[in-house]
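The values are calculated or read from the model by the stated rules, or taken from the named source; none is laboratory data. It should be emphasised that the depicted structure is a prediction, and the values quoted were computed from it without experimental measurement. Positions of Cβ are generated from backbone atoms using ideal geometry, with glycine treated the same way; all protein chains shown enter the neighbour counts.
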Amino acid sequence: DRELKVWCSSHPKAFCDEFFKKAAEVLPNIRPDVLIANARSAGFLNASAHVELMPEFGAFEKTPLQRIVQMLKRDRDVWFRNDADYRPSSILLTTIITHSYSSLVQQAFGDLLDFVVRVVEMLPGFISVSGEPGKRKFQVTNPVNQQENFAESWTEEHSSRFLAWHKRVTAGLQNLQRARGRGNDVMFKGLFESFGEDEVVKAAKSFGVDTGSLHDAGKLRVTGGIAGTVGAVIPPTKYFGSEK
């Protein structure tokens with residue numbers, strides 16, 4: 001630990017093989033009937049509407065857990081690009097994401113996006129906090145070495161800045177949820193604002209979406225943000241029937 005100037009025992013191979021990889025092998029419980037029921041209750045589908053399913057997970061290059069970690073680490077890197085002293089470490093972030101993922105993976109979700117949003121929403125709950133306000137201690141235990149605390153060097157300021165980042169990334173994903181079924185222009189506007197243009201356009205094109213026509217129509221406005229590899233976790237708008 002460079003900040004504390006002490007040696008910390010670690011076990012990266014076990015962390016990868018026994019903790020992360022094993023968690024990633026368990027795939028989310030995605031049930032189209034839940035998606036259909038939720039969409040109908042929200043008024044997006046009528047009784048006879050058809051929902052096109054997402055590809056099987058095997059069609060993706062990486063597992064959902066790997067993609068979630070990749071997306072959030074990229075998001076973190078850009079958010080903290082001028083604030084490296086308070087940037088949550090990759091090992092800490094990977095640990096709490098994996099815990100959140102594993103706590104939800106057996107529950108039924110209508111689609112992968114809903115699952116991802118819930119995983120992200122729950123992240124702060126996997127950081128233990130003790131002590132009086134202003135003097136609190138933070139704990140994220142190494143799952144393969146109980147003597148190691150990944151948050152040992154955290155201060156109140158670390159926590160505050162982490163929660164500010166978490167609030168922003170969660171809000172972006174929730175906005176994306178609300179954009180579903182409202183047409184490609186609304187969907188992509190929300191994506192651009194939350195994740196940045198370049199990577200979103202790449203992801204859209206991989207699904208065969210013509211993003212150029214949306215630009216030409218002047219319906220999208222980029223307001224800044226960050227890029228992330230999100231294509232694998234975003235269902236096409238047509239899941240919810242006709243566009244509005």
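A few remarks follow.
- Residue identified as modelled with pLDDT of 55 or more, within 24 Å of Ser102 (Cβ to Cβ) and aliphatic (A, V, I, L, M) among Leu72, Leu35: Leu72
- Scanning the range 101-119 for residues that are crowded, with 21+ Cβ neighbours inside 10 Å and without any contact (Cβ under 8 Å) to a residue 60 or more places away in the chain gives a single hit, Val119.
- Residue match in the range 135-146 (condition: at pLDDT below 95, surrounded by fewer than 16 Cβ atoms within 10 Å (Cβ to Cβ) and among the basic types (Lys, Arg)): yes
- Filtering Val119, Val78, Val105 for residues that are touching a Leu at 6+ places or on another chain (Cβ under 7 Å) and β-branched (Val, Ile, Thr) leaves a single hit, Val119.
Let's see how each residue does on (1) under 24 Å from the mean Cα position of the chain (by Cα); (2) under 17 Å from Asp83 (Cβ atoms):
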position	(1), (2)
Pro124	yes, no
Val129	yes, no
Lys135	no, no
Val140	yes, no
Gln147	no, no
Glu152	no, no
Leu163	yes, yes
His166	yes, yes
Val169	yes, yes
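- Sub-9 Å Cβ pairs linking a first residue in the range 143-161 that is at negative phi and outside any helix (DSSP H, G or I) to a second residue that is hydroxyl-bearing (Ser, Thr, Tyr) and buried (at least 17 other Cβ atoms within 10 Å of the Cβ), at least 6 apart or interchain, are Pro143/Thr95; Pro143/Thr98; Phe150/Thr95; Ala151/Ser159, ordered by first then second residue.
- Any chance Asp114 is within 17 Å of Val169 (Cα to Cα), out of contact with any helix residue (DSSP H, G or I) (no Cβ under 6 Å at 6 or more places or on another chain) and of a type outside the set (A, V, I, L, M): yes
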